[in-house]
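S.K.: Shown below is the structure under consideration.
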Amino acid sequence: MNQILDYNPNKSSGGGTSGSDKVVRVFAIILAIFAICLLAGGAYGIYKNNSNSGLPAQAATKAQIDVEQKETTAVIKVKHDKVIEKLIYNWDSEKENTIKGSGESEMESEIPLFAGEHTLNVKVIDVEGNETTYEQAITSEAGEDKLYPVIALNVNNETKRLEITATDETAIDYVTYRWNDEEEQKIEVEEDDKKIEFDIEILKGKNDLTVIAVDKNKNTTTEVKSFSGVTKPDVKVVISADKKSADVYCYHENGIKEVKFKINDQDYNGDIGEEPLKEITFNDIALPEGSSTITVTVSSVDETETVVTENVENGTEGSNDEDINISIEKSEADETKATIKTSCASGVKEIKLNVNDVDYNVDLQGQVAPEVGPFDLDLVEGNNKITLTVISASGAEKQEVKEISR
């Protein structure tokens, strides 16, 4: 009975270690060794990564690009150690052209050349996305004409005329221009001329101008622009027959801004009032005896200007203006014509006729006659400003200005 109560399963019979204890200890030792191995491997990996981070990355290889120039074309040649994805090129940084690769590491492409000097830009992209670029300036005389003529329009502030310039890198063939829907005017150009310049009068009011420039290869540029034409003041200086005074007539369609007189070295300002007037007349401007020069400068509100100068020599006239008679009247028989006649006791030596700022020749065939006319003058639609200047055989001069409407 005492033996049963004294039984203890944890007590070994021989005072030694049980088998289960040994197994646990062995397993713990194995786990400790495994943990040490893991820690050592991680530490080595961190060390290796830190060591590698200090090394430079391997640079991507570039493609080899060469361009072979021919007479009218160029051949782009590309070699690479990788597959070429695509080849891209353009001229003068304009629209790009793309040629796709076919899975090879070498490519060739023949492209057209353009006349003149142009810059070829080439870009090669491999399968890994790496780019290689190339640039070269190429000059060709036999290539295609790529550029169109350039037209420049400029209003000259002094002459108030329109200056037209057309240029081309090869040669201009011809230039045309027209106002509104009027007939086209053609300007021929000398052979191989790369630039042409000319000027034209700007029409009054607002008008549309069309200019067309064509080069030798038929490349065409058209420029359309609206212009508001301005005119210079109309100024007439009439010297009296006795050369002792002058009358000045000024006109501008939009108004006169300023009138200045200069007689020899003396300056005068004409009184035109506060409001700009279209028409102003100054009568009986006294001229000094002997030689004198009268200069009239008239400025318009459009900033245009007309300068008229007359030289006068007192005492040279042989008669006065009473000797000269001038008649300018609208024809009673035909309202489209004006009838003109003149007479002078000493004889009419010369007649000057101006209609709407256009001079006409009245041929007296070298004869001095006491009377000339009557003769008819055709009138244009609208207003006709007729200026008749008669010079007598004795040197007297008289001018008559008359406006007749049709």
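S.K.: Angle, helix 19-52 long axis vs. longest principal axis of the chain, Cα atoms, 0 to 90°, nearest 10?
M.R.: On a 0 to 90 degree scale, this one is about 30.
S.K.: Say a paramagnetic label sat at a point 7 Å from the Cα of ASP334, along Cα to Cβ; which residues of segment 370-402 have their backbone N under 13 Å from it?
M.R.: 375-380
S.K.: Could you give the size of the charge dipole of segment 284-363 about its Cα centre, using +1 on the Cβ of each K and R and -1 on the Cβ of each D and E, expressed in debye and rounded to the nearest 20?
M.R.: Values: 5 positive and 19 negative charges, 54 e Å.
Approximately 260 debye in magnitude.
S.K.: Consider just the alpha-carbon atoms of segment 232-316 and return their Rg together with their Dmax, both in angstrom.
M.R.: Final numbers for Rg and Dmax: 12.9, 40 Å.
S.K.: Average projected area of the Cα convex hull of segment 64-140, in nm²? Don't jump to the answer; show the numbers that get you there.
M.R.: On the way: hull surface 18.3 nm².
Taking a quarter of the hull surface, the average projection is 4.6 nm².
S.K.: Only four residue types carry charge here, +1 at the Cβ of Lys and Arg and -1 at the Cβ of Asp and Glu. Report the dipole size of segment 150-229 about the Cα centre in Debye, rounded to the nearest 20. Walk me through the intermediate numbers first.
M.R.: Values: 11 positive and 20 negative charges, 87 e Å.
Computed about the Cα centre, the dipole is about 420 debye.
S.K.: Then there is this: Students often check this: by mean Cβ neighbours within 10 Å, which of 114-125, 377-388 ranks highest, and how do the rest follow?
M.R.: Answer by packing, highest mean first, reads 114-125, 377-388.
S.K.: On full extension of the chain, what length is gained from LYS194 through LEU277, given 0.36 nm per residue of separation minus the C-alpha to C-alpha distance?
M.R.: Working: separation 83, 0.36 × 83 = 29.88 nm, distance 4.73 nm.
So the extension gain works out to 25.1 nm.
S.K.: While we're on this one: Using the Cα centre of segment 232-316 as the reference point, and only Cβ charges (+1 on K/R, -1 on D/E), how large is the resulting charge dipole? Debye, rounded to the nearest 20.
M.R.: On the way: 8 positive and 18 negative charges, 44 e Å.
It works out to roughly 200 debye.
S.K.: Of the cross-linked pairs LYS204/LYS236; LYS195/LYS225; LYS236/LYS330; LYS100/LYS216; LYS260/LYS402; LYS160/LYS402, which ones have a Cα-Cα span greater than 30 Å in the structure shown? Please report the intermediate quantities before stating the final value.
M.R.: Numbers: LYS204/LYS236 21 Å; LYS195/LYS225 21 Å; LYS236/LYS330 22 Å; LYS100/LYS216 36 Å; LYS260/LYS402 24 Å; LYS160/LYS402 28 Å.
Pairs exceeding the cut-off: LYS100/LYS216.
S.K.: Order the peptides 262-270, 279-287 from the highest to the lowest mean number of other Cβ atoms within 10 Å of their residues.
M.R.: The most tightly packed comes first, giving 279-287, 262-270.
S.K.: Next question. Report the semi-axes of the equivalent ellipsoid for segment 266-364 in whole Å, largest first, where each axis is √(5λ) for an eigenvalue λ of the Cα gyration tensor. Before the final figure, lay out each step's value.
M.R.: Values: eigenvalues 173, 113, 35 Å².
Equivalent ellipsoid of segment 266-364: 29, 24, 13 Å, largest first.
S.K.: Assuming R0 = 60 Å, what is the FRET efficiency of ALA142 and ASN180, from their Cβ-Cβ distance, to the nearest 0.05?
M.R.: Details: r = 42 Å, r/R0 = 0.69.
For ALA142 and ASN180, the calculated efficiency is 0.90.
S.K.: Excluding same-chain residues fewer than 8 positions from LYS244, which lysines have a Cα within less than 16 Å of its Cα?
M.R.: Within the straight-line limit of under 16 Å, LYS244 reaches these lysines: LYS262, LYS398.
S.K.: Ok, one more. At 0.692 mPa s and 37 °C, plugging the Kirkwood radius over alpha-carbon pairs of segment 318-406 into Stokes-Einstein gives what diffusion coefficient in µm²/s? Walk me through the intermediate numbers first.
M.R.: Working: Rh = 13.3 Å.
Answer, rounded: 248 µm²/s.
S.K.: In the chain, with Lys and Arg counted as +1 and Asp and Glu as -1 at Cβ, which of these residues, ILE340, THR297, VAL230, has the Cα nearest the positive end of the dipole, that is, farthest along it?
M.R.: Value computed over the given set: VAL230.
S.K.: How large, in Å, is the chain by the Kirkwood hydrodynamic radius built from its alpha-carbon pairs?
M.R.: Values: mean 1/r = 0.0313 Å⁻¹.
Computed over the chain, the radius equals 31.9 Å.
S.K.: Could you order peptides 229-241, 211-223, 186-198, 357-369 by the average number of other Cβ atoms within 10 Å of their residues, highest first? Write out the running numbers ahead of the final one.
M.R.: Numbers: 229-241: 19.6, 211-223: 17.5, 186-198: 12.9, 357-369: 10.1.
Top to bottom by mean Cβ count within 10 Å: 229-241, 211-223, 186-198, 357-369.
S.K.: Going Cα to Cα from LYS341, which aspartates and glutamates come in below 12 Å? Please leave out same-chain ones fewer than 8 positions away.
M.R.: By straight Cα distance, LYS341 reaches GLU329, GLU371, ASP376, GLU400.
S.K.: What aspartates and glutamates could a cross-link reach from LYS86, if we take a straight Cα to Cα line under 20 Å and drop same-chain neighbours fewer than 8 places away?
M.R.: Leaving aside aspartates and glutamates fewer than 8 places away in the same chain, those within reach of LYS86 are ASP66, GLU68, GLU94, GLU96, GLU104, GLU106, GLU108, GLU110, ASP126, GLU128, GLU131, GLU135.
S.K.: Let me ask something else. Given H placed 1.01 Å from N in the peptide plane, which residues other than close sequence neighbours of LEU379 have an amide H under 5 Å from its amide H?
M.R.: LYS337, ALA338
S.K.: Continuing with this model, one more query. Sort largest first and round to whole Å: the equivalent ellipsoid semi-axes of segment 150-229, each the square root of five times a Cα gyration tensor eigenvalue. Walk me through the intermediate numbers first.
M.R.: Numbers: eigenvalues 103, 36, 19 Å².
Semi-axes from the Cα gyration tensor: 23, 13, 10 Å.
S.K.: For the charge dipole of segment 64-140, defined by +1 on Lys and Arg C-beta atoms and -1 on Asp and Glu C-beta atoms about the Cα centroid, which residue among GLY101, GLY116, HIS80 has the Cα displaced farthest towards the positive pole?
M.R.: So the residue furthest toward the plus end is GLY101.
S.K.: Using only DSSP helix segments of four residues or longer, with each worth -39500 (n - 2.57), what per-residue ellipticity at 222 nm results for the chain after dividing by its residue count and rounding to 500? Could the numbers behind the result be given before it?
M.R.: Working: 2 runs with 38 residues, N = 406.
Computed mean residue ellipticity for the chain: -3000 deg cm²/dmol.
Throughout, read-outs are computed from the coordinates displayed, never taken from laboratory work. Predicted model only: the values in this text are computed from it and were never measured. In this analysis, Cβ positions are derived from the backbone assuming ideal geometry, glycine residues included, and neighbour counts consider all displayed protein chains.
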